[in-house]
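*Asks:* One structure coming up, written as structure tokens, with questions to follow.
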Amino acid sequence: MKLLNKSTKALSFALPLTLGSIVAAPVLAQDATPAVHPEVAYIFNTLLFLIGGFLVMWMAAGFAMLEAGLVRSKNVSMQCLKNIGLYSIAGLMFWVVGYNLMYTGVSDNGGLFGTPLPYSWDEVGGNALDTGYSTASDWFFQMVFVAATASIVSGTVAERVKVWPFFIFTAILTGIFYPITGSWQWGSGWLSEMGFSDFAGSTIVHSVGGWAALAGALVIGARTGKYGKDGSVTVMPGSSIPLATLGTFILWLGWFGFNGASQLAMASIGDVSDVSRIFANTNLAAAGGVVVTLILTQLLYGKIDVTMALNGALAGLVSITAEPLAPTPVLAILIGGVGGAIVVFTVPLLDKLKIDDVVGAIPVHLLAGIWGTFIVPLSNTDASFGTQLIGILAYGAFTFVASFILWTILKVTIGVRASDEEQMMGLDKAEVGVEAYPEFGSKM
């Protein structure tokens, strides 16, 4: 992600044998590797942001399909509506206030936040050669990340949250909460100065979404009928495992843009090699997460749980996101595998605590995000465990407290929870008016 102290990396412009250098002069064997022309570097770096950005945008479809598959049939339209709504709200809020709050003037405000103003990019035909990439491509790439954070919340509080309170929460989360905390590291704020490291956002994106989701689950409460007074747990199967599986694979694909484009530069052989290494480590970690969940669920329950396997992949991806470049292949598999184990052991723990997380987003994004962020120094010697822990605690404290307060304000003013009758009817009928499966949805 964007780090002002990494902007020089985008300006290294060291791609050998470019058209500009060939035309300028013959290259002799004893000469140093010629520098790439700034305009060529600008194009390659901008392409990285745009390609990475539309891959991460495709993750919005992954979240939508995953959630649609893991909620009951009578709530599928509601989840689809929430996901297209939150993506659009996040996009608008990150332009209106979020981007500048996250990146502009952070150092002038004690490293705590930037300037809350609308963002503007280059004029038609303009350029930003001093930065090494198009300003609009940078904004787009950062924007799709904040939408992912809101999607995490959507899955946890599914099947009982009202649509408009959720959208109001999304607007504040994406326009204010996320940009403020993001500025601490990616905007060269106080955590960046301390040496905190989170390459693509295990904590900055995923744990932030997980903390906001946890606060929502606590304030809103569990779905009607989920937990009995005797401590029993009622299983509420999702509507479509194929949809959930499709959503997982879409997210897996989008993660290559999520992590790979966070290299922030593609204007040198070194950068392109690093992007390739990030792709490979990202894939290994996801695979490690799946295999561990396959083994553990077979050993613990006698049968493999497909929903655990899907979340194992996602937990592996979240775990490696904080440092996808430095680990060896074996370490990448280990990091992802631990993420998968976190899912297997914490999903039932949440039920014991009567915290209703419909899609398992808290284990996947919050807990695996914490794990991935904390373990960064194992492969990145520039980071320290103490600083990583400070960052994890800072992000958790701010996001959880701020989200809990906002959810509570919404609860006591306009209300956030659908009634028992509306939940029994299904939110497709109660909130949306269009059922996803009208021929049998009301019977589920």
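The values are calculated or read from the model by the stated rules, or taken from the named source; none is laboratory data. For clarity, every value in this text was computed on a predicted model and none was experimentally measured. Note that each Cβ is placed from the backbone with ideal geometry, even for glycine, and that neighbours are counted across all protein chains shown.
*Asks:* Any idea which residue in the stretch 323-336 is surrounded by the most Cβ atoms within 10 Å (Cβ to Cβ), counting only those that are within 19 Å of the chain's Cα centre (by Cα) and assigned to a helix (DSSP H, G or I)?
*Replies:* Gly336
*Asks:* Are any residues in the stretch 92-110 touching a residue at least 40 places away in the same chain (Cβ under 8 Å), part of a loop (DSSP other than H, G, I, E, B) and out of contact with any Leu (no Cβ under 8 Å at 6 or more places or on another chain), and if so, which ones?
*Replies:* Gly110, the sole residue that qualifies.
*Asks:* Would you be able to say whether some residue in the stretch 299-321 is in a helix (DSSP H, G or I), in contact with a Lys or Arg (Cβ under 9 Å, 6 or more places away or on another chain) and not β-branched (Val, Ile, Thr)?
*Replies:* No, the stretch 299-321 contains no residue that is in a helix (DSSP H, G or I), in contact with a Lys or Arg (Cβ under 9 Å, 6 or more places away or on another chain) and not β-branched (Val, Ile, Thr).
*Asks:* Something else about it: Being in contact with a Leu (Cβ under 6 Å, 6 or more places away or on another chain), closer than 25 Å to Val40 by Cα and in a loop (DSSP other than H, G, I, E, B) is the filter here, so list the residues in the stretch 111-144 that pass it.
*Replies:* Gly132
*Asks:* Checking the structure you have, find out if any residue of the stretch 75-91 is in a helix (DSSP H, G or I), touching a Leu at 6+ places or on another chain (Cβ under 6 Å) and either β-branched (Val, Ile, Thr) or farther than 23 Å from Phe258 by Cβ (or both).
*Replies:* Yes, some residue in the stretch 75-91 is in a helix (DSSP H, G or I), touching a Leu at 6+ places or on another chain (Cβ under 6 Å) and either β-branched (Val, Ile, Thr) or farther than 23 Å from Phe258 by Cβ (or both).
*Asks:* Within the stretch 124-146, work out how many residues are within 14 Å of the chain's Cα centre (by Cα) and surrounded by fewer than 24 Cβ atoms within 10 Å (Cβ to Cβ).
*Replies:* 2
*Asks:* Does Val416 meet the test of being of a type in the set (A, V, I, L, M) and at pLDDT 95 or above?
*Replies:* Yes: the conditions hold for Val416.
*Asks:* Further question on the same structure: Going by the structure shown, is Ser202 surrounded by 21 or more Cβ atoms within 10 Å (Cβ to Cβ) and under 19 Å from Gly360 (Cβ atoms)?
*Replies:* Considered against the rule, which asks whether it is surrounded by 21 or more Cβ atoms within 10 Å (Cβ to Cβ) and under 19 Å from Gly360 (Cβ atoms), Ser202 comes out as yes.
*Asks:* Follow-up question, since we're still on this one. Specify which of the listed residues (Ala212, Ala217, Ala222, Ala280) is aliphatic (A, V, I, L, M), over 23 Å from the mean Cα position of the chain (by Cα) and at pLDDT 95 or above.
*Replies:* Ala222 is the lone residue from the list that is aliphatic (A, V, I, L, M), over 23 Å from the mean Cα position of the chain (by Cα) and at pLDDT 95 or above.
*Asks:* Hey, another quick one. Tally the residues that are under 20 Å from Met78 (Cβ atoms), among the aliphatic types (A, V, I, L, M) and not in a loop (DSSP other than H, G, I, E, B), restricting the search to the stretch 217-249.
*Replies:* So the answer is 7.
Every residue, every condition in (1) touching a Phe, Trp or Tyr at 6+ places or on another chain (Cβ under 9 Å); (2) part of a helix (DSSP H, G or I); (3) under 22 Å from Gly195 (Cα atoms), yes or no:
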residue: Val343; (1), (2), (3): no, yes, no
residue: Val364; (1), (2), (3): no, yes, no
residue: Ala368; (1), (2), (3): no, yes, yes
residue: Thr387; (1), (2), (3): yes, yes, yes
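*Asks:* Just to check your reading of the model, which residue among Ile269, Ile304, Ile320 is touching a residue at least 60 places away in the same chain (Cβ under 8 Å) and surrounded by fewer than 20 Cβ atoms within 10 Å (Cβ to Cβ)?
*Replies:* Answer to the selection: Ile269.
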